[in-house]
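Visitor: Submitted below is the structure of interest, expressed as structure tokens.
The values are calculated or read from the model by the stated rules, or taken from the named source; none is laboratory data. All of these numbers come straight from a predicted model, not from anything done at the bench. Backbone-built Cβ (ideal geometry, glycine too); neighbour counts: all protein chains shown. Heads up: the accessible areas ignore ligands, DNA and RNA and are worked out on the full protein's heavy atoms, side chains in. Shrake-Rupley method; radii C 1.70, N 1.55, O 1.52, S 1.80 Å.
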4 protein chains.
Amino acid sequence: MMKIGIVGGTGYTGSELLRLLVRHPHVEVVAVTSRSVAGTGVADYYTALRGEIDLAFSTLEAARLSDCDLVFFATPNGTAMNEAAVLLEAGVRVIDLAADFRLKDLDVWRHWYGMEHAAPALVEEAVYGLPEVNRAAIAGARLVANPGCYPTAVTLGLLPLLEAGAVEASQLIADVKSGVSGAGRKASTALLMAECGESFKTYSVGGHRHQPEIRETLQRATGVEVGLTFVPHLLPMVRGIEASLYAPLVRGEVDVQALFEARYRDEPFVDVLPAGSAVETRSVRGTNLCRLSVLEPQGGGMMVVQSVIDNLVKGAAGQAVQNMNLMFGWEEATGLALSALAP
Amino acid sequence: MMKIGIVGGTGYTGSELLRLLVRHPHVEVVAVTSRSVAGTGVADYYTALRGEIDLAFSTLEAARLSDCDLVFFATPNGTAMNEAAVLLEAGVRVIDLAADFRLKDLDVWRHWYGMEHAAPALVEEAVYGLPEVNRAAIAGARLVANPGCYPTAVTLGLLPLLEAGAVEASQLIADVKSGVSGAGRKASTALLMAECGESFKTYSVGGHRHQPEIRETLQRATGVEVGLTFVPHLLPMVRGIEASLYAPLVRGEVDVQALFEARYRDEPFVDVLPAGSAVETRSVRGTNLCRLSVLEPQGGGMMVVQSVIDNLVKGAAGQAVQNMNLMFGWEEATGLALSALAP
Amino acid sequence: MMKIGIVGGTGYTGSELLRLLVRHPHVEVVAVTSRSVAGTGVADYYTALRGEIDLAFSTLEAARLSDCDLVFFATPNGTAMNEAAVLLEAGVRVIDLAADFRLKDLDVWRHWYGMEHAAPALVEEAVYGLPEVNRAAIAGARLVANPGCYPTAVTLGLLPLLEAGAVEASQLIADVKSGVSGAGRKASTALLMAECGESFKTYSVGGHRHQPEIRETLQRATGVEVGLTFVPHLLPMVRGIEASLYAPLVRGEVDVQALFEARYRDEPFVDVLPAGSAVETRSVRGTNLCRLSVLEPQGGGMMVVQSVIDNLVKGAAGQAVQNMNLMFGWEEATGLALSALAP
Amino acid sequence: MMKIGIVGGTGYTGSELLRLLVRHPHVEVVAVTSRSVAGTGVADYYTALRGEIDLAFSTLEAARLSDCDLVFFATPNGTAMNEAAVLLEAGVRVIDLAADFRLKDLDVWRHWYGMEHAAPALVEEAVYGLPEVNRAAIAGARLVANPGCYPTAVTLGLLPLLEAGAVEASQLIADVKSGVSGAGRKASTALLMAECGESFKTYSVGGHRHQPEIRETLQRATGVEVGLTFVPHLLPMVRGIEASLYAPLVRGEVDVQALFEARYRDEPFVDVLPAGSAVETRSVRGTNLCRLSVLEPQGGGMMVVQSVIDNLVKGAAGQAVQNMNLMFGWEEATGLALSALAP
């Protein structure tokens, strides 16, 4: 059994990691940190985990993370960049679920995250943990930057079109919608149920951090300059992301359905629905799947792709476990054989 | 007091008409029809209307609609086209909240509504009831086709851009989301709360009837050929529509915010939010308002406009009352001075 | 026009007061205070109020409240007790929507609210603002304690039974459920949509402040010692309270339906539904109504009454406006002629 | 691998059985019937099951159920009673998830289910499938009546109190609340999201079928005559039941917390929370658990117990799988090691 540590166990990505790891056959969670509730039993804090885990939260200092084989950071942005180096030197692998190592361009990172980067060398080393793009590199990595939730949904939906040169890359649009758990578990008036329930709203209208992440990923994967209009919305529900993606077709004769099916035929966690299907977020709830639907253009040559994921699983903790499986050479779906909870 | 009849009083547009008309100072509802619950008191059927109305549902035959000054059809598509002529001949004004008179092109109508039109001459006469486009014609009309909910939200959002020739009209995109009341009050497995709650889904992926309605309205208003990709989604909530509209700018130097403010300065029910605002559906809940937000392009010259309405008010019953006010020469906002219910 | 001030305008009771008062024919809101957003336009802060009010938030100090005819406190507990005396001396009437003047027993108040009371003399003077119990006293009051939301729903449901001596007063049960807006607009992890959505939970299992308020009100109104088990729950929705009330019948021959109808026959805001009706919170959404349903005992002689209100209207701001109307001698329903928003 | 058939695969209990059985290590689902969609692939019908099952729906006639080792009936009431005898004679075990075999008293059954019973002898044979009461009998049964959802939550919450004689059995109250999936997947206006969303309502105010089921179960288990007031409500959410149970204590000196902990110490699927805990339905979402909280009386000697289950798992399909495990002698939790999906 590999020994696993989690830094930051009281947020939604932390609790979701726990949900997945307590049933993973090859790992044991030996440390979960939290400054605010150190000393409290994890199962006392999370009723849903009663009987599943016998461990108390500890401070970062007391956690003895260097004895772990792998440490997940489920922390706010700007945390892992200060802690990763020591762990890596001690031979511990690291997966950061925040944004510290996602962008190679440090100027862009500084602009969007509002701080200087503390570990530029590690940014260079880090592998962007989207297995469908970087599987081999992930398998050999010490440090993985787990992708953002929107970037996972959007990138998987646009990638086949760009790889095939089928669309005009300068005019991409992503109209994305997320359940509220995507915003994290922080006391914020804007995220109260009385503010978000029974209403639908736009946010980050001046620009969103995930836009440069998607652009960089697509550009590195395809070598094509990408122009992307990215518009996020908040759904009155807890879990799930839907991305509706629009791109002008440049080659009318392409069988786009076949293109997507071929691209993802061997992917364990990408499911291309039959032509004419409608996506729904509940069809992936609780799972590590991304389901994609490719729509017929309604004239005008505008390609429409729709992508759904569970933001806490394929958009965060599940993808992190998938990356861990790759890093340790285990079967990629280990611990991730989950059926969607629908209804 | 003008005498008002409502045909089809047990659906959501019918009950919303009742909510508005019982407080309207110039009208009295004298007949509400329903085949299924004829004989039942309206206030017994709708607890929310207890104490507001003293009238029973009647059959269409018993309703003596020809004694009314105006009749609203809150019926399924294909009903008003069979009933309107007799009423009009009797001097009764008619507003149809269904789609019977919305499209001038009868071939397109037949294709999308799956039946032959029973009253082509009335289609020609009917005025499309979007006051922001057809105010004068509505004031003089006998027969008004009340717009669809999506067409109201989308048309108001795109109109200033097309009138000004500011965008490429052949590449318009409308990514629209509606609460479930937009689908009407019919027993349908797909609309059960257990199917729609805590999930977000796409529907009508093969094409939606509101797409040709929007195209025809925009083309008639501006004389420009319009290409529109229209993608509807279902929100896990009851009331509200948001339309995110995308259009490539063709003239970069336009002050689009000023363009919208000028276009709608005198409109009582269109509110252009300050630059940089985020829309939310609850800000119009229960009201006849359309609120619009114009976003800065994120590079690439893609214009983004966001539009919210309450689908049952500005998207149906409220706009019908606004049209009635115009037809009778009353102040346009009579009976529509409603504050949004938020939270 | 009477001049009205609101202390604490950024919470849900404050915004709901604004929604009601901007359409009230006899008043003008001349001051709304907020420490955090002083200087901001009220309509800039609340998009839903755009076009309805032309006023900026001010600090308490700058608000010149002593020029008002009446001031509402929509503040946290412990605020009004420090500010009311000065206003009353200046001839300003005061309605406190918090709990400062609700309990006559100061020991009980100190226990539940965790502080010493700053104005015991005013507690004695204050009138508990439940018009169905204290109408005459409210009309003559300078200082009104607006009831809590649960106490309004529960008291109206139990009062006829106790007044008639029909039930065993020592064994009352109130199983109450509230939408999340009842908890106020404060940044709190427990009230996030990701915590409350698509789930139903109990809270305050060790006891709730509204239990002694209900007991004191019922005891003062009836002279009978009351034993009450009070169990609150949080609903995954925004607005609405339902109270299911259980009481053992002591006199089997009572026609309880008739008892309720007689008790509330002349009440403008209490609606006793026909026997056999089911209550639903949406039937009172946005209104000042309390709707009550009296159920047939299922054997065993246990009486069941169900009561629904909108916690922000009859449970807070609407009842405060009703009290204001009484205090100024206006028709009691002035400004409160609202139809429920359903669906 | 045991061969399993499911009669009625298009409702919520049917799809939930599939979700659980596709991962159960000892069984293979060989037939799923549906009259309406016979011929359609199960995974084509349920997107959430894509890749999990390779089987098409068949008619009841074509299903060859007599080759199965066990057949689940996930059908409307009145179906299994006509089909079970033939299967039992063929040596097939049967678990009915509907109500056909739940009540021993056929007069009561006829009254509540509105039909004559077709198989009285089987009613006598059938074992009520609540393992916490009837474990040994279930293990030896050919025919199991799977309990209703409310009866599961309520019975587990009241049983320890009645077994210990700690409460007055004639004055029990169950105030129960259910998510909408409990009403099944049938086209019904009353269950539309536009009717149920953002609202909370009472239903079955004249009496509910689960009341006699609970009474009979408690009486058979304890030998005590039970009086139960049972009041159901509909929650604006999909999954989950909460039951708040009230009972007058007759022996003040009992340590009720200890009583519950002792009663359920060895139960794999009943979790007694620490004293002072609040229950929430999401803590059992997707799992076969019942979590119970025992509250301190607030004076007056009224005992309060709160019970939460997932109505589709412990309240239906999960309990059915638990019963199957017992009938085949497998470890009781086989295939049911599920972590709650929270948030």
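Visitor: Could you grab the relative contact order for segment D:149-311? Cα pairs under 8 Å, six or more apart, rounded to a whole percent.
Guide: Across segment D:149-311, relative contact order equals 31 percent.
Visitor: Let me ask another. With +1 on each Lys and Arg Cβ and -1 on each Asp and Glu Cβ, how big is the dipole of the protein assembly as shown about its Cα centre, in debye rounded to the nearest 20?
Guide: The dipole magnitude comes to about 0 debye.
Visitor: Here is a follow-up. How much net charge surrounds D:Ala164 when only other residues with a Cβ under 14 Å from its Cβ are counted (Lys, Arg +1; Asp, Glu -1)?
Guide: -3
Visitor: Please build a GNM for chain A, connecting alpha carbons under 10 Å apart, and tell me which residue among A:Val176, A:Val144, A:Val231 fluctuates the most.
Guide: In this elastic network of chain A, the residue with the biggest mean-square fluctuation among A:Val176, A:Val144, A:Val231 is A:Val231.
Visitor: Something else now. I need the shape label for segment D:115-231. Rule: rounded when a/c is under 1.5, else prolate if a/b > b/c, else oblate, with a, b, c from the alpha carbon gyration tensor.
Guide: In terms of gyration-tensor shape, oblate.
Visitor: How tilted is helix B:210-222 with respect to the longest principal axis of chain B? Cα atoms for both, answer in degrees (0 to 90, nearest 10).
Guide: 70 degrees
Visitor: Please compute, over every Cα-Cα pair in segment B:59-175, the percentage with a separation greater than 26 angstrom.
Guide: In whole percent, the share of Cα-Cα pairs in segment B:59-175 beyond 26 Å is 26.
Visitor: Counting only DSSP beta bridges with both residues in chain C, what percent are antiparallel, rounded to the nearest 5? Show your work: numbers first, answer last.
Guide: Working: 24 of 54 bridges.
The answer is about 45 percent antiparallel.
Visitor: Could you tell me the relative contact order of segment B:2-125? Use alpha-carbon pairs under 8 Å, at least six residues apart, and round to a whole percent.
Guide: This gives 23 percent for segment B:2-125.
Visitor: Within 9 Å, Cβ to Cβ, of B:Ala31, how many net charges do the neighbouring residues add up to if Lys/Arg are +1 and Asp/Glu are -1?
Guide: It works out to a net charge of +1.
Visitor: First compute the accessible area of segment C:42-185 with a 1.4 Å probe, then give the percent of it belonging to carbon and sulfur atoms. Kindly include the intermediate steps, with their values, before the conclusion.
Guide: On the way: 2380 of 4980 Å².
With neighbouring chains kept in place, the figure for segment C:42-185 is 48 percent.
Visitor: Excluding ligands and nucleic acids, what accessible area in Å² is computed for B:Glu195 using a 1.4 Å probe, to the nearest 10?
Guide: 10 Å²
Visitor: Here's a follow-up. Report, by chain and number, residues whose modeled amide H sits under 5 Å from the one on A:Ala56, excluding near sequence neighbours (fewer than 5 apart, same chain).
Guide: Here A:Val42 satisfy the definition.
Visitor: So how much accessible area does C:Asp54 have, in Å² to the nearest 10, using a 1.4 Å probe?
Guide: Per-residue accessible area (C:Asp54): approximately 150 Å².
Visitor: If you don't mind, another one. Expressed in whole Å with the largest first, what are the equivalent ellipsoid semi-axes of chain C derived from the C-alpha gyration tensor as the square root of 5 times each eigenvalue?
Guide: On the way: eigenvalues 210, 93, 79 Å².
After diagonalising the Cα gyration tensor, the semi-axes are 32, 22, 20 Å.
Visitor: Give the whole-number value, in cubic angstrom per residue, of the convex hull volume spanned by the C-alpha atoms of segment A:2-125. Display every interim value, and only then the final one.
Guide: On the way: hull volume 12.8 nm³, N = 124.
Hull volume normalised by residue count: 103 Å³.
Visitor: Please give the residues from segment C:19-51 for which the solvent-accessible area of heavy atoms, probe 1.4 Å, is smaller by at least 20 Å² with all protein chains in place than with the chain isolated.
Guide: C:Arg19, C:Arg23, C:Thr47, C:Ala48, C:Arg50
Visitor: How large is ³J(HN,Hα), in whole Hz, for each residue of segment D:265-275 in order, when computed from phi with the Karplus curve 6.51 cos²θ - 1.76 cosθ + 1.60 and θ = phi - 60°, using x for Gly and Pro?
Guide: Per residue, the Karplus-derived 3J(HN,Hα) values read 3, 9, 7, x, 10, 10, 10, 8, 6, x, 3 Hz.
Visitor: Probe of 1.4 angstrom, ligands and nucleic acids ignored: what's the accessible area per residue over segment D:163-297, in square angstrom?
Guide: 30 Å²
Visitor: Leaving ligands, DNA and RNA out of it, work out the accessible area of B:Thr33 with a 1.4 Å probe and give it in Å² to the nearest 10.
Guide: The value for B:Thr33 is about 10 Å².
Visitor: Taking the Cα atoms only, what angle lies between the long axis of helix A:80-89 and the longest principal axis of chain A, rounded to 10 degrees?
Guide: Tilt of helix A:80-89: around 70 degrees.
Visitor: Ignoring ligands, DNA and RNA and using a 1.4 Å probe, state the total buried accessible area between C and B in Å², rounded to the nearest 100. Don't skip to the answer; put the middle values down first.
Guide: On the way: alone 14590 and 14540 Å², together 26740 Å².
Using a 1.4 Å probe, the pair buries roughly 2400 Å².
Visitor: Now, a different point. Using the alpha-carbon centroid of each, what span in Å lies between segment D:130-187 and segment C:158-230?
Guide: Cα centroid of segment D:130-187 versus Cα centroid of segment C:158-230: 27 Å apart.
Visitor: Using amide H atoms built in the peptide plane, which far-off residues or other-chain residues are under 5 Å from D:Val272 H to H?
Guide: The list, which skips near neighbours in sequence, is D:Leu292.
Visitor: A further question follows. Classify segment C:256-304 as rounded, prolate or oblate from the Cα gyration tensor: take a ≥ b ≥ c as the square roots of its eigenvalues, call it rounded if a/c is under 1.5, otherwise prolate when a/b beats b/c and oblate if not.
Guide: It comes out oblate by the Cα gyration axes.
Visitor: Taking Cα centroids, how far is segment D:285-343 from segment B:1-73 in Å?
Guide: Taking the Cα centre of segment B:1-73 as reference, the centre of segment D:285-343 is 48 Å away.
Visitor: Answer rounded, prolate or oblate for segment A:149-311, using the Cα gyration tensor with square roots of eigenvalues a ≥ b ≥ c: rounded when a/c is under 1.5, else prolate when a/b is larger than b/c, else oblate.
Guide: prolate
Visitor: Roughly what angle does helix A:149-163 make with the longest principal axis of chain A, taking Cα atoms, 0 to 90 degrees, to the nearest 10?
Guide: The helix A:149-163 is inclined about 40 degrees to chain A.
Visitor: For the protein assembly as shown, count all C-alpha to C-alpha pairs, find those more than 64 Å apart, and express that count as a whole percent of the total.
Guide: Taking all Cα-Cα pairs of the protein assembly as shown, the fraction more than 64 Å apart is 9 percent.
Visitor: Relative contact order (percent) for chain A, with alpha-carbon contacts under 8 angstrom and 6 or more residues of separation?
Guide: That works out to 17 percent.
Visitor: Sticking with this structure for a sec: Which one, D:His117, D:Phe101, D:Gly91, is farthest towards the positive end of the dipole of segment D:82-128 when Lys and Arg carry +1 and Asp and Glu -1 on their Cβ?
Guide: D:Phe101
Visitor: Under 23 Å Cα to Cα from D:Lys177, which lysines show up? Leave out anything in the same chain fewer than 8 places away.
Guide: Of all the lysines, those that pass the test against D:Lys177 - Cα under 23 Å, at least 8 places apart if same chain - are C:Lys177, C:Lys201, D:Lys186, D:Lys201, D:Lys314.
Visitor: If C:Lys177, C:Lys186, D:Lys104 are ordered by their accessible area, calculated over protein heavy atoms with a 1.4 Å probe, which sequence runs from highest to lowest?
Guide: Details: C:Lys177 0, C:Lys186 110, D:Lys104 60 Å².
Most to least solvent-accessible, the answer reads C:Lys186, D:Lys104, C:Lys177.
Visitor: In addition: Aspartates and glutamates within cross-link reach of A:Lys104: Cα-Cα under 14 Å, excluding same-chain residues under 8 positions apart?
Guide: Reachable aspartates and glutamates: A:Glu116, A:Glu124, A:Glu125, A:Glu213, A:Glu216.
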